[in-house]
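Encoded as structure tokens, the structure appears first; notes follow it.
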Amino acid sequence: MSKKVISSIAIIAFIIIFAVICAFTGSITSPVGTLWSLFPPVVAIGLALITKEAYSSLFIGVLVGGLLSSGFNPIHTVDAVVGEGIVPAVSGSAGIFAFLVFLGVIVALLNKAGGSRAFGEWASKHVKTKVGASLATFALGVLIFVDDYFNCLTVGAVMRPVTDKTKISRAKLAYLIDATAAPVCMIAPVSSWAAAVSSFTPEGTNGITLFIQAIPYNFYSLLTFVFIIGLVLMKFDYGPMKLHEKNADKGDLFTSGERVGAEEEESAASRGRSRVFDLVIPIVVLIVLCIVALVYVGRGMGADYDGTIGLVDAFANTDATMGLPWGGIIALVIVIIYFVARRLVTFKEAMECIPKGFIAMVPAILILTLATSLKNVTNLLDSSSFVEGALVNAGSLHNFLPAIIFVVACLIAFSTGTSWGTFGILIPIVLNVFPIGSPLGAIGMSACLAGAVCGDHCSPISDTTIMSSAGAQCNHINHVSTQIPYAVTVAVISFISFIVAGFAQNVVISLGIGVVLTIGTLFVIKKITADR
């Protein structure tokens, strides 16, 4: 029996014994608002990283949350797991599920019509190295700054043929997608993330202004970009990613786990007739329609539509779970008409792509459902009250508070898997600790946002991490395990930068030190890994 199986059995046995003891002794009378409120996601994440299996790990985490929230009452536990966890997760994420399916069908159509192959052949002539393909993936990720879900799935669909041709592993592609999606949205004033941040600020304050003031101090997002460029140009990898990249050089893009998303066989009619624009046109149509849809939803739909609302306000009011499927379904119809009119696929072949696209997205939908269920049952335990109390007690460490807030935000986002939920908890607390408009106020706000992105990157139950795996068609646990060392490296440098910023309160000094530390750390790691 392998060590991973033994470790998993030991953890599960511990959870069962712990539950039985608590049930009979009543040792946990009220876990709500205490450190125990973070226990369910910790169990789920620990199991996922040990077993490399996401579905059962997430479900056990949901079950533990149900047990804690119900006082270990079996009937109430089922009510919590199903009624408060799974059912709201499905209904609340239905729009994203629909968009995932629409995009999966579009990708299946692109493969069937030969657009992906034609783009891959074109790219192999113009982008011939790993460095070029990696930088192109990074650049496209930075350009699509409107929404992180949209970014992850679109960049994956466009760049997968290119990175496959240049022998970049799916795990590395997933990292490049994930490391640009949330960070670029977090520093773009016109994005769904800027809108979310502004919505969590107190009434009467200009949330977008606070968001813009925080951008220069968002060390994790900015230094992640420096880290990616340095890593790519220095041509090395470390940690589990090194093995994935070595295997990719030998032709194995996956290393382990299921081979997600094998390419669809081309239509007989499309062979030799497909062109690069057969991928470019559908993707551009999808991007344009989704942006229009997000603005349309933000300005109100139908009779409530108000064309006088500005672009920034429209994004502040928009709902991605409505806008993305709205744009996705129209794009899908247009793509089907386009390919049939080009005689690259028959109408029957186009219809056959619908269930194939759905099947390709089933793993992402299952993981997203279970991860959202875990968040729901964890919310029943009111972890925000525990966090607020801990930060109030740390108030005496005034200049160190930005760094402390960064760490707390990392831990919350890692445990709960949500960036938005994290800064939803912390922004009101930060604005109460620091006066609005003060230098430390901007740094504290930045620390909150940066920590939320960092914890989100490391968490197996994060929706953005799940979307990045889906976009790259990479085994989810492979993506998480290879990304964590990179994210932690930037997190440590960001922590030091926030300590410097808390005392210097100067963005040039603190960000400059962060950039120097990032580049220096890469040189040191490359030297150490080369010696080994």
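Tabulated results
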{"read-out": "Among 175-182, 510-517, the order from most to least packed when residues are scored by Cβ within 10 Å on average", "value": "175-182, 510-517"}
{"read-out": "Sulfur and carbon atoms: percent of accessible area, the range 45-202 [1.4 Å]", "value": "70 percent"}
{"read-out": "Å² per residue, accessible surface of the range 402-487 at 1.4 Å", "value": "18 Å²"}
{"read-out": "Helix-only mean residue ellipticity at 222 nm for the chain, each DSSP H run of n ≥ 4 adding -39500 (n - 2.57), per residue, nearest 500", "value": "-24500 deg cm²/dmol"}
{"read-out": "Computed magnitude of the charge dipole of the chain (debye, nearest 20; Cβ of K, R +1, Cβ of D, E -1)", "value": "1940 debye"}
{"read-out": "Kyte-Doolittle mean at least 1.0, axial Cα span of 30 Å or more - DSSP H helices of the chain", "value": "3-25, 277-298, 320-341, 476-504, 507-531"}
{"read-out": "Nearby lysines by direct alpha-carbon distance to Lys348 (threshold 29 angstrom, same-chain neighbours under 8 apart not counted)", "value": "Lys112, Lys356"}
{"read-out": "Ranked by how many other beta carbons lie within 10 Å on average, peptides 239-245, 305-311 from highest", "value": "239-245, 305-311"}
{"read-out": "Cα-based shape type of the chain, given that a ≥ b ≥ c are square roots of the gyration tensor eigenvalues and the cut on a/c is 1.5", "value": "rounded"}
{"read-out": "Average Cα contact separation per residue, the chain, under 8 Å, 6 or more apart, as relative contact order %", "value": "25 percent"}
{"read-out": "Straight-distance crosslink candidates among lysines, where the alpha carbon sits under 24 Å from Lys130 and sequence neighbours closer than 8 are dropped", "value": "Lys165, Lys167, Lys172, Lys235, Lys242, Lys246, Lys250, Lys526, Lys527"}
{"read-out": "Accessible surface of Asp382 - all protein chains present, 1.4 Å probe, nearest 10 Å²", "value": "50 Å²"}
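The values are calculated or read from the model by the stated rules, or taken from the named source; none is laboratory data. This structure is a prediction, so every number in the text was calculated from the model and none was measured. Note: ideal-geometry Cβ built from the backbone for every residue, glycine included; neighbour counts use all protein chains shown. All accessible areas refer to the heavy atoms of the entire protein, side chains included, with ligands and DNA or RNA removed. Shrake-Rupley method; radii C 1.70, N 1.55, O 1.52, S 1.80 Å.
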